[in-house]
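These notes concern the structure reproduced below.
Nothing in this text is a laboratory measurement; each read-out follows from the coordinates by a stated rule. On a predicted model such as this, the values are computed, not experimentally measured, just so you know.
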């Protein structure tokens, strides 16, 4: 898979890499049955050139991804700067380990997993459906 990240020697390239590594939330937008965009803030992990998101088994976005795998992701900005938008293809990633056994995800979110669900194991039972997004384009400034 080709690397779609912008050149790391540019300010935008550095910003993208920085935010993918440091941000805890990203907005994940799927398309609902009626064609309406459905943005949701989610925890994510950037690894191997893709974004991994764990989802509750009843989350509508799972059906959305199955029907229409083209999605977008973007970071929040409170002042209009720092725009980073990723577009790509999402798939259910059944081969991924549960969230509480994914070392990098656990390292990033173990505290939050305990706050949300009582423990990482309980979080993994609730958020049991991994989706992986492979970006095909990144834009912003």
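Please give the helix 103-117 orientation as an angle from the longest Cα principal axis of the chain, in degrees from 0 to 90, rounded to the nearest 10.
60
Restricting to DSSP H runs of at least four residues, report the calculated mean residue ellipticity at 222 nm for the chain, -39500 (n - 2.57) per run over all residues, nearest 500 deg cm²/dmol.
Working: 4 runs with 42 residues, N = 141.
The helix-only estimate for the chain comes to -9000 deg cm²/dmol at 222 nm.
With Cα extents along the principal axes in Å in mind, check (1) 71, 36, 28; (2) 45, 31, 26; (3) 41, 36, 33 and report the label derived from this structure.
(3)
Hey, how many Å between the Cα centroid of the range 42-110 and the Cα centroid of the range 1-26?
15
Under 8 Å for C-alpha pairs, at least 6 residues apart: give me the relative contact order for the chain, rounded to a whole percent. It would help to have the intermediate numbers written out before the result.
Numbers: 247 pairs, mean separation 38.7, N = 141.
So the answer I get is 27 percent.
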